[in-house]
Amino acid sequence: MRIVAEAFVSGFGGILDGAEGLVAALATACGHGKYEKRGKDNGKEGCSHSCAKIRPKPRLQKCNLNGAVIFAALISTHMHQELSEQEQVRREALQEIINLGIDPFPAAEYTVTHTAEGIRDTFDEGAEMKDVSLAGRVMSKRIMGKASFAELQDSTGRIQLYFNRDEVCPGEDKTLYNEVFKKHLDRGDFIGVRGFVFKTQVGETSVHVLEFTFLGKSLRPLPVVKTDADGVVHDAVHDAEMRYRQRYVDLVVNPGVKEVFVKRTKLFNSFREFFNSKGYLEVETPILQPIPGGAAARPFITHHNALDIPLYMRIANELYLKRLIVGGFDGVYEFSKNFRNEGMDRTHNPEFTAMEIYVAYKDYEWMMRFTEQLLEKACIDLNGSTKVMYGDVELDFKAPYPRVTMFEAIQTHTGIDISAMEEDGLRQVCKDLGIEIDPTMGKGKLIDEIFGAKCEKNYVQPTFITDYPVEMSPLCKKHRSKPGLVERFELFATGKEIANAYSELNDPIDQRQRFEHQLALADRGDDEAMMIDQDFLRALEYGMPPTSGLGIGMDRLAMLLTDKHTIQDILFFPQMKPEKKETKKVELSGNEKLIFDILSKSSPMDLNDLKIRSGLSGKQWDISMKALGKLGLTKVTKTEEGLTVEVAG
RNA sequence: GAUCUGGUAGCUCAGCUGGUAGAGCAUAACACUUUUAAUGUUAGGGUCCUGGGUUCGAGCCCCAGCCAGGUCACCA
């Protein structure tokens, strides 16, 4: 219940009682019981009561009472959303600003000449800065009588502002300082300021404000996060729900969050520069695909109405990029938003970004050299060094990286040489190593399981794992010299895969057989086996040059390079379950409404009758009746026959 | 999907054999012309996630649900 109770009488001074009665009732209803006589107010007499529980102001109602006109604010418990005390205060401040003739949301451009960071840098170099203007959010205010300090946060950081009453208000009228600045300017509001730069006694570079302009009012209080003199952050918003659902708040308030995303973009730019400098072409390929190909994953399905066909959100863009190589490009790449309808955890978001690049006339050996150069450059571009801390390990992305074949890796970490084994032998090895398997798994999958369980985690520093079994890699060219294997590598770091590359399979007959083998896997129950993309095969039949392709999970790489251990920390808006709909507290609860509806049809009525007709349990009845009473909607009277309930007022 | 942990003021968090709640910051008021996680004094602010149950009485105990996080499983 948030209402201002206010009533006043015009016309007859003596009839204050009517107004007073209304307000007194309201004051009682909200539990305070106190109200204030106002005396003359605009020629009217009145009285008012306000408390945090009964604001903002409800609609005024007008009625006649013995010839006097009473305007009364009446209880209306369900007319608006609940606002916290601070939100109400801000809305009131907004109104006050408007009343003073200031537009809290002006349309005009505000000319900004400097940024917070720019001012600090230039001024520290000794430059005079007589006239600067900048804009941003007010993040704190420290008022000391006629002088005040505030902090302004723009896109580059924070800078202190100094306000002096007599300089902001050179004339007699000090409203701008005393009212607008001191009272109605809230944390989070956007303002523009003009002034000159100076250093305070404590040595803080500050802007001495001569003029400030409202640029946008903030109606919701931001969480207060403070950083002390030692750089220790206090009361940071930790709640993941708030941080990810309301990323804007996280960005405004938590130090260092922006930097992560800036680095993420730098990573993409660094890749682009590298690829473009080699003359490779950035392209775009379909996200809505009739056949989801290029990876083993469950897709999202959607439907195109006009064509009346199912379409899939892409799980990879590989097959399309290869079509472009068929078409005659030497090198094509794409940052590909992919969608996979699978579980979510610290390293999986349903939509994620991969970078894939395909270069003609190259093989996977070349691609390894290319990849390590790419990552070395990116690492330097982001952090100024090839070294980066991830948790408590230091990763070094300086090229070259060790090359280890998959069989060597398994031999090293299990002591078992599986290079000559068939499916049955591998099955036995898995059992011996305590690895869970199921009958749908083929040879390649079994090897992959062993690697995943026993080897992967050991490759903390960047390492290429090469030469995978053919069964796991239906789009990859058979190894030039090792039967049963393909020319594939994956790059591991911190025990996780961050890149995957092939000498691409360009033999259309082999490719068709591989797809058919996938179909066989699907029949065995592997629901992620690839579908056959006939058009892709047709493209290959026209001829594709030898090509090497590389895919990098950009999100996971960004995590590595920013020392973030959750994918949600490097996605602006990670996927979340929908917020539950705001419960309509404004309305009466179901039970309260039930009782009130029965009662309003025949008020007053016997309390026991009402209870029986409501059909509520003792406890529910009790809770609902208390609530109704508290809202001032019902009134219980004791008579000789028993208890009677009536609609109050 | 299994399992564990959490959900209390705008924010960060306390709370106790079960007796309807506390702190800091934020907010409001006053003081103060260079402070800085400003300070001092005072005040207001809470359906203790939701719904059931046990109880004379539940923020606390029990059950179910919702949301978030961790671990495992599945999955790149």
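The values are calculated or read from the model by the stated rules, or taken from the named source; none is laboratory data. Just so it is clear, the model here is predicted, and its values are computed rather than measured. Please note: Cβ atoms are built from the backbone with ideal geometry, for glycine as well, and neighbour counts cover all protein chains shown. Just so you know, the surface numbers come from the protein's heavy atoms only, side chains and all, with ligands and any DNA or RNA stripped out. Shrake-Rupley method; radii C 1.70, N 1.55, O 1.52, S 1.80 Å.
In the set (1) open to solvent by 10 Å² or more (accessible area, probe 1.4 Å); (2) touching an Asp or Glu at 6+ places or on another chain (Cβ under 6 Å); (3) not in a loop (DSSP other than H, G, I, E, B), the condition left unmet by residue A:440 is number (3). Modelled with pLDDT under 95, over 27 Å from residue A:99 (Cβ atoms) and open to solvent by less than 50 Å² (accessible area, probe 1.4 Å): is that true of residue A:118 in this structure? Judged against the criteria, residue A:118 is a match. Per the listing A:102, A:97, the residue uniquely at pLDDT 90 or above and either touching a Pro at 6+ places or on another chain (Cβ under 6 Å) or not in a loop (DSSP other than H, G, I, E, B) (or both) is A:97.
Quick one: which residue in A:432, A:417, A:424 is farther than 28 Å from residue A:385 by Cα and part of a loop (DSSP other than H, G, I, E, B)? Just a single option satisfies the conditions, and that option is A:417.
Determine if the stretch A:140-161 includes at least one residue that is part of a strand (DSSP E or B), within 7 Å of RNA strand B (Cβ to nearest atom), within 21 Å of residue A:225 (Cα to Cα) and among the hydrophobic types (A, V, I, L, M, F, W, C). Yes. State all residues of the stretch A:279-316 that are of a type in the set (S, T, N, Q) and in contact with a Lys or Arg (Cβ under 9 Å, 6 or more places away or on another chain); if no residue qualifies, say none. Answer for the stretch A:279-316, where residues must be of a type in the set (S, T, N, Q) and in contact with a Lys or Arg (Cβ under 9 Å, 6 or more places away or on another chain): A:285, A:289. Of everything listed in (1) among the hydrophobic types (A, V, I, L, M, F, W, C); (2) at pLDDT 95 or above; (3) in a strand (DSSP E or B), the single unmet condition for residue A:112 is (3). Listed residues A:185, A:152, A:176; which is free of Cβ contacts under 8 Å to residues at least 40 places away in the same chain and within 21 Å of residue A:107 (Cα to Cα)? When all the criteria are applied, what remains is A:176. Within the stretch A:232-253, residues that are at positive phi sit with their Cβ atoms under 6 Å from residues that are not in a helix (DSSP H, G or I), at 6+ positions apart or across chains, in these pairs: A:235/A:225.
Count of the stretch A:153-211 residues, restricted to those that are touching an Asp or Glu at 6+ places or on another chain (Cβ under 9 Å) and of a type in the set (Phe, Trp, Tyr), is 2. Among the residues of the stretch A:381-428, those identified as of a type in the set (Gly, Ala, Ser), over 39 Å from the mean Cα position of the chain (by Cα) and open to solvent by less than 50 Å² (accessible area, probe 1.4 Å) are A:409, A:425. Condition check for residue A:174 on (1) within 12 Å of RNA strand B (Cβ to nearest atom); (2) touching a His at 6+ places or on another chain (Cβ under 9 Å): one failure, at (2).
Filtering the stretch A:477-493 to residues that are surrounded by fewer than 23 Cβ atoms within 10 Å (Cβ to Cβ) and over 18 Å from residue A:449 (Cα atoms) leaves A:478, A:479, A:480, A:481, A:482, A:483.
Looking only at the stretch A:212-270, how many residues end up being open to solvent by less than 70 Å² (accessible area, probe 1.4 Å), of a type in the set (D, E, K, R) and more than 25 Å from residue A:133 (Cα to Cα)? Here the count works out to 7.
A count restricted to the stretch A:457-486 and to residues that are within 12 Å of RNA strand B (Cβ to nearest atom), at pLDDT 90 or above and either among the hydrophobic types (A, V, I, L, M, F, W, C) or under 16 Å from residue A:496 (Cβ atoms) (or both) stands at 2. Give me the residue from the stretch A:210-224 that is within 13 Å of RNA strand B (Cβ to nearest atom) and not β-branched (Val, Ile, Thr) and, out of that set, nearest to residue A:162 (Cα to Cα). My answer is A:210. Residue A:201 satisfies every condition listed in (1) open to solvent by 80 Å² or more (accessible area, probe 1.4 Å); (2) away from RNA strand B (no atom under 11 Å from the Cβ); (3) not in a strand (DSSP E or B) except (2).
Considering only residues in the stretch A:487-521 that are in a strand (DSSP E or B) and away from RNA strand B (no atom under 13 Å from the Cβ), the one that is farthest from the chain's Cα centre (by Cα) turns out to be A:487. Of all positions in the stretch A:544-556, at least one carries a residue that is β-branched (Val, Ile, Thr) and closer than 22 Å to residue A:352 by Cβ.
For the stretch A:535-547, the criterion of being farther than 16 Å from residue A:294 by Cβ and in contact with a Ser or Thr (Cβ under 6 Å, 6 or more places away or on another chain) is met by no residue.
Of all residues being in contact (Cβ under 8 Å) with a residue 12 or more places away in the chain and outside any strand (DSSP E or B) in the stretch A:297-317, which is most open to solvent (accessible area, probe 1.4 Å)? Just the residue, please. In this case the residue turns out to be A:298. Every residue in the stretch A:180-198 that is open to solvent by 40 Å² or more (accessible area, probe 1.4 Å), within 21 Å of residue A:97 (Cβ to Cβ) and more than 9 Å from RNA strand B (Cβ to nearest atom), please. A:190, A:194 - these are the residues of the stretch A:180-198 that are open to solvent by 40 Å² or more (accessible area, probe 1.4 Å), within 21 Å of residue A:97 (Cβ to Cβ) and more than 9 Å from RNA strand B (Cβ to nearest atom).
Given the structure, is residue A:434 on the phi > 0 side of the Ramachandran plot and surrounded by fewer than 17 Cβ atoms within 10 Å (Cβ to Cβ)? Criteria met by residue A:434.
Taken together, A:267, A:288 contain a single residue that is closer than 20 Å to residue A:332 by Cβ and in contact with a strand residue (DSSP E or B) (Cβ under 9 Å, 6 or more places away or on another chain), which is A:288.
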